[in-house]
Structures are given as C-alpha cells and as structure tokens.
Amino acid sequence: MRDIGHFIGGNTVPGTSGRSGEVYEPMTGEVRARVALASKADLRAAVENAKAAQPAWAATNPQRRARVLMKFLDLVHQEYDSLAELLAREHGKTIPDAKGDIQRGLEVVEFACGVPHLMKGEFTEGAGPGIDMYSIRQPLGVVAGITPFNFPAMIPLWKAGPAIACGNAFILKPSERDPSVPMRLAELFLEAGLPPGIFNVVNGDKEAVDAILDDPDIQAVGFVGSSAIAEYIYGRAAANGKRVQCFGGAKNHMIIMPDADMDQAVDALIGAGYGSAGERCMAVSVAVPVGQATADRLIEKLVPRVESLKIGPSTDPTADYGPLVTRAHLDKVKAYVDLGVEEGAKLLVDGRGFKLQGYENGFYLGGCLFDEVTPDMRIYKDEIFGPVLSVVRAKDYAEALRLPSENEYGNGVAIFTRDGDAARDFASKVEVGMIGINVPIPVPLAYYTFGGWKRSGFGDLNQHGPDSFRFYTKTKTVTSRWPSGVKEGAEFSIPTMR
Ligand code: NAD
C-alpha cells in the first residue's frame with residue numbers, strides 16, 4: 001500500500017495529523033493508497049515555505065519564470081503516457097481521456113509562458129502638465145487553489161500555471177480522491193527549476209480547506225468543485241478579506257432544433273453526455289428537442305446508441321467510458337436513477353444492472369436514459385454527475401431558450417441547428433456563461449476565459465485566459481511629475497483636467 005504525503009518546500013513529507021484517507025482504483029474497486037489529510041499545522045508549514053520563497057521568485061524576471069514553465073512542459077511531455085495511466089487508474093476515466101485532461105492543463109501553462117507580455121502595464125505620457133501616468137501589475141504573494149476530483153491534472157494546472165507565472169507562490173489542495181498526479185506534477189515543477197516552496201501540495205479534506213480560508217498570509221483562493229462548497233468557500237474566504245473565485249456545479253442543456261443534423265446531434269450527445277462517465281462539469285445532462293417530431297426522431301436514434309455504449313476498465317483504450325470515481329458516488333448516481341423512476345420520468349435505458357466480467361468490484365454504471373423529464377423533477381434540478389441523460393421535450397424555441405436560462409446553474413449550453421438566426425439569437429439571449437453552436441462541450445481554449453454564470457460561478461473573474469492574469473496580480477497606478485513640471489504654490493482644490 002502506497003502512502004501519499006504532502007509536497008512542501010520541495011520535499012515530500014508525511015504530515016503531522018495522523019489522519020489519512022483511502023485512495024481507490026475505481027476500475028477494480030481496490031484501495032491502492034492512503035493519503036495524508038493535513039492539519040492546520042501542515043498547512044501552516046506550507047505557507048511558511050511559500051512565504052519565504054516568493055519574494056525571490058517575484059524578483060526573477062518574467063522571461064526566466066516563463067522558461068521554467070517551458071521546461072516543465074517538456075518534462076510532462078516526456079512522461080505523458082505514464083502520467084495518463086496514473087491518472088486513469090486513480091480517477092477511473094479512460095487513458096485517452098486522461099491524456100486530454102493533461103493536455104488541456106498544459107495548454108494553459110503554454111498560455112502562461114506569455115507572461116512577459118501578459119503582465120505588461122500601461123503608460124500615458126503627458127496625462128497632465130508634466131505628468132506621466134503608468135500602471136504596473138505585481139503578484140499577490142502566497143495564493144491557494146482547491147480543486148475537484150474530476151480533472152486532477154487540468155484544473156490544478158489552470159490555477160497554478162498563471163499564478164506561478166505571475167510570480168506568486170502557490171499552495172494546491174487537490175481532491176483527496178485522486179492526489180497522485182498533482183504530487184507528481186509538483187516533482188516535475190521542481191525538476192524544471194522552480195524554486196522549492198513556489199508550488200506546494202497539501203493533501204486533505206475540510207480541515208485543510210478551512211485552514212486555507214482562515215490563514216492570514218494567503219492572499220487569494222481559487223476553487224473548483226460543487227456549488228454548495230463553492231458558495232461556502234466564497235463566503236468564508238471573502239469574509240477573511242481574500243480575493244476569491246469559486247466555480248461550481250452544472251446542469252448543461254443541449255437544444256436540438258427541428259432543422260438540426262440529427263446524426264451529428266446524436267453523436268454529440270453520446271460523447272458529451274456519457275464521456276468520462278458524465279463526471280465533467282461541461283457534460284451535457286439534459287437534451288432538449290424542440291417539437292414532438294424532433295423528440296421522437298432523437299429518441300429513436302439515441303436509444304440504440306446508449307444501449308451499445310462500451311463500458312470498460314480505465315486501461316481499455318477502446319472503452320467509451322470507465323468506472324465512476326468511488327462506490328459512494330456510484331451509489332448516489334444510482335439513487336438518482338431510482339428517484340427519476342419514482343418521479344415518473346420514463347427510463348428508456350437502465351444501466352443499473354451493468355456488471356463487467358473480471359472487474360465485478362469496480363464502480364461501473366451502464367448508460368441511463370430518461371425521456372419525459374419535467375423541470376419540477378429533482379433529476380432535472382440536481383447535478384447528478386454520472387452517465388445519466390434526461391430528455392426534456394420543449395414545445396417551441398421560446399421554451400427551449402427558457403429552460404437553461406431559468407435553471408439555477410449556468411455553466412455550459414449548446415444549440416444544434418442549421419439556422420444562423422436562431423443560433424445567433426440563442427447565443428445572445430441565453431443566461432449561461434459558455435455557449436456551443438453545433439459544439440456540445442464548448443470549453444474555451446486557454447487564451448479565452450472559462451467560467452459559468454449563476455450558481456456555477458461565484459466571484460467576478462474567470463479562470464485562465466487574460467482574466468487569470470488579472471486575478472493573480474494586483475494593479476498599482478503611478479502618477480509622476482518631475483521637478484521641472486511642478487507648478488509654484490499649494491493647491492487646495494482637487495486637481496482636475498478641466
Ligand atoms: P467537491 O465540492 O466535493 O470537492 C471539491 C474540493 O472541495 C475538494 O478539494 C474537496 O476536498 C473540498 N471539499 C469537499 N467538501 C468540503 C467541505 N465540506 N468543506 C471544505 N472543502 C470541501 O467536488 P468534487 O466532487 O471533487 O467535484 C465534482 C464537482 O466539481 C461537480 O459539482 C462539478 O460540476 C464541479 N466542477 C466544476 C467545474 C467548473 O469549472 N465549474 C469544473 C470541474 C468540476
């Protein structure tokens with residue numbers, strides 16, 4: 001049995017709490033490791049190391065900081081395959097999907113290599129008589145990221161890449177369910193030349209999180225996870241005076257207009273609804289066909305595709321998706337399927353009885369498909385986070401636009417249509433943060449920002465893209481006048497440009 005500690009000040013340490021959690025291999029259901037759960041003292045040790053290392057890192061010029069990130073990219077590429085397997089075995093997703101998880105994280109690190117440009121300030125010559133004005137961006141100091149289980153490489157890198165590039169020291173509290181990849185990333189950062197103390201990993205649960213939220217030396221907290229925890233973290237960290245951004249859960253709709261290419265729409269739904277066993281914040285969990293005829297055509301094509309999904313162990317590259325992350329989560333998702341039946345939705349494909357030969361203890365669930373789901377049902381309202389797709393039939397476009405707009409979440413949404421007018425109207429009016437037009441999972445690329453609306457996002461700046469450089473820096477504005485430009489005498493009224 002492997003023991004996973006923390007990565008503090010460039011060293012792997014066991015921690016002092018005496019508490020630990022089990023880390024599963026979802027494809028077999030076996031416990032493969034024990035992860036230390038940090039105490040307040042462990043977190044404090046990480047903060048002290050980060051604080052000591054940060055000023056010299058901030059004083060390192062941005063090109064040199066970028067070169068460390070470039071070297072890190074090289075090192076990750078060299079062990080791409082083994083890292084993807086480690087990730088897949090601990091999370092449950094398939095190896096090709098695990099590679100995507102790593103790649104989407106690296107793309108943000110690539111973007112962060114543009115830090116010399118991205119941190120540039122502004123300058124105005126002659127803003128007033130003899131006056132020049134300029135702004136500079138400075139790092140915040142020690143910052144922290146708290147991340148979910150479902151992207152154990154991508155989301156830590158979305159946070160750490162820009163934060164480190166800006167000259168901050170970073171403390172990561174990854175999910176306690178799959179901590180091995182973040183720990184390996186920490187070693188690779190060190191090998192790439194990042195000074196000890198600039199990237200730390202503190203493993204743990206609520207105790208570690210609360211220690212982060214209350215620590216006076218942590219200037220900013222970035223969180224990704226479920227909405228209830230996002231809201232809690234946003235409130236507590238903000239009350240403690242920190243800069244906070246928290247991204248929460250989702251209920252992503254896909255609208256299928258009567259003129260949509262139905263084969264394309266069904267391909268999109270199968271991949272976006274069931275890929276990674278539905279454990280993605282941008283997974284499509286609600287299909288909204290517009291009009292009864294569209295709905296009937298959709299169901300006719302969708303049912304055989306859901307029935308023939310190939311579910312396999314994470315190491316099977318031909319599997320469509322693998323197991324769920326833990327037995328507890330599997331039980332929760334199954335309970336939602338039971339609930340949907342009780343609520344009166346029509347269960348067209350029931351994956352609850354699925355068993356994989358040779359992997360009987362793995363956390364598998366076959367694809368489930370509900371038709372005739374209505375907005376008052378809990379299976380519509382709650383985020384299920386599993387391979388369960390609900391079809392809500394809309395009578396017209398207006399109703400289809402209203403559904404995602406009135407939903408409490410607002411992460412992603414897609415519309416499938418050939419009608420440019422409808423697509424344009426939808427993109428403009430829908431109350432959701434990320435929109436796909438004939439694209440089912442519209443995750444913006446690294447140089448745009450990522451963020452949901454309503455209960456999918458708390459705080460006012462998005463992740464990655466230019467917003468991340470705003471989030472991880474503070475702006476200083478300097479107004480300067482050299483003695484030759486000074487007017488005689490004291491001025492008692494507020495200076496203006498009149
Ligand atoms: P989670 O909320 O259970 O955990 C996220 C983090 O919070 C973990 O590090 C965990 O240790 C910590 N945590 C859990 N309970 C806590 C508590 N009571 N107090 C303090 N900290 C606590 O989320 P998860 O199950 O790991 O991840 C799945 C969720 O993340 C889904 O809701 C999914 O939609 C969401 N997600 C959102 C995005 C996004 O960008 N909006 C991206 C990925 C995942």
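Can you say whether Phe370 is crowded, with 21+ Cβ neighbours inside 10 Å, in contact with a Leu (Cβ under 7 Å, 6 or more places away or on another chain) and not charged (D, E, K, R), as far as the supplied structure shows?
Here the answer is yes, as Phe370 does meet what is asked.
For region 398-411, state whether one or more residues are assigned by TED's automatic domain parsing to the domain that holds Leu369, farther than 19 Å from Thr374 by Cβ, within 16 Å of the ligand (Cβ to nearest atom) and not hydrophobic (A, V, I, L, M, F, W, C).
yes
What do you reckon, is Pro148 within 16 Å of the ligand (Cβ to nearest atom), in a loop (DSSP other than H, G, I, E, B) and touching a residue at least 40 places away in the same chain (Cβ under 8 Å)?
The answer is yes for Pro148.
Give all pairs with beta carbons closer than 9 Å in which a residue from region 189-211 that is within 18 Å of Ala153 (Cα to Cα) meets a residue that is modelled with pLDDT under 95 and within 16 Å of the ligand (Cβ to nearest atom); count only pairs at least 6 apart in sequence or on separate chains.
Val202/Gly15; Asn203/Gly15; Gly204/Gly15
Within the set of pairs 6 or more residues apart or between chains, which connect a residue that is outside any strand (DSSP E or B) inside region 5-26 to a residue that is surrounded by 16 or more Cβ atoms within 10 Å (Cβ to Cβ) and of a type in the set (Phe, Trp, Tyr) with Cβ atoms less than 7 Å apart?
These pairs meet every condition: Pro26/Phe363.
Only residues that are among the small types (Gly, Ala, Ser), in a helix (DSSP H, G or I) and within 28 Å of Arg104 (Cα to Cα): list them for region 415-444, please.
Scanning region 415-444 gives Ala423, Ala427, Ser428.
Which of the residues spanning region 322-339 are more than 22 Å from Asp371 (Cα to Cα) and either touching a residue at least 12 places away in the same chain (Cβ under 8 Å) or more than 16 Å from the ligand (Cβ to nearest atom) (or both)?
Scanning region 322-339 gives Gly322, Pro323, Leu324, Val325, Thr326, Arg327, His329.
Every residue in region 159-199 that is assigned to a helix (DSSP H, G or I), more than 16 Å from the ligand (Cβ to nearest atom) and not hydrophobic (A, V, I, L, M, F, W, C), please.
Within region 159-199, Arg184, Glu187, Glu191 qualify.
Hey, any hits in region 307-321 for a residue that's assigned by TED's automatic domain parsing to the domain that holds Ile256 and within 19 Å of Cys281 (Cα to Cα)?
yes
For region 404-433, enumerate the residues that are surrounded by 19 or more Cβ atoms within 10 Å (Cβ to Cβ) and either touching a Phe, Trp or Tyr at 6+ places or on another chain (Cβ under 7 Å) or of a type in the set (Lys, Arg) (or both).
Within region 404-433, Gly410, Ile415, Ala422, Val432, Gly433 qualify.
Of all helices (runs of 4 or more DSSP H) completely enclosed by region 208-307, which ones contain at least 1 residues that are within 16 Å of the ligand (Cβ to nearest atom) and buried (at least 18 other Cβ atoms within 10 Å of the Cβ)?
227-239, 262-274
Confirm whether Thr147 is surrounded by fewer than 19 Cβ atoms within 10 Å (Cβ to Cβ), modelled with pLDDT of 95 or more and hydroxyl-bearing (Ser, Thr, Tyr).
It is false that Thr147 is surrounded by fewer than 19 Cβ atoms within 10 Å (Cβ to Cβ), modelled with pLDDT of 95 or more and hydroxyl-bearing (Ser, Thr, Tyr).
Table: residues versus (1) modelled with pLDDT under 95; (2) small (Gly, Ala, Ser); (3) out of contact with any Ser or Thr (no Cβ under 8 Å at 6 or more places or on another chain).
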residue: Leu43; (1), (2), (3): no, no, yes
residue: Glu48; (1), (2), (3): no, no, yes
residue: Ala58; (1), (2), (3): no, yes, yes
residue: Lys71; (1), (2), (3): no, no, yes
residue: Val76; (1), (2), (3): no, no, yes
residue: Tyr80; (1), (2), (3): no, no, yes
residue: Gly114; (1), (2), (3): no, yes, yes
residue: Leu118; (1), (2), (3): no, no, yes
residue: Pro129; (1), (2), (3): yes, no, yes
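Can you give me the ranges of the strands (runs of 3 or more DSSP E) entirely in region 329-411 with at least 1 residues that are among the charged types (D, E, K, R) and closer than 25 Å to Gln292 by Cβ?
Because the criterion is at least 1 residues that are among the charged types (D, E, K, R) and closer than 25 Å to Gln292 by Cβ, the strands (runs of 3 or more DSSP E) in region 329-411 that meet it are 346-349, 368-371.
The values are calculated or read from the model by the stated rules, or taken from the named source; none is laboratory data. The model shown is predicted, which means the values in this text are computed figures rather than measured ones. Reconstructed Cβ throughout: ideal geometry from the backbone, glycine too, with neighbour counts over all protein chains shown.
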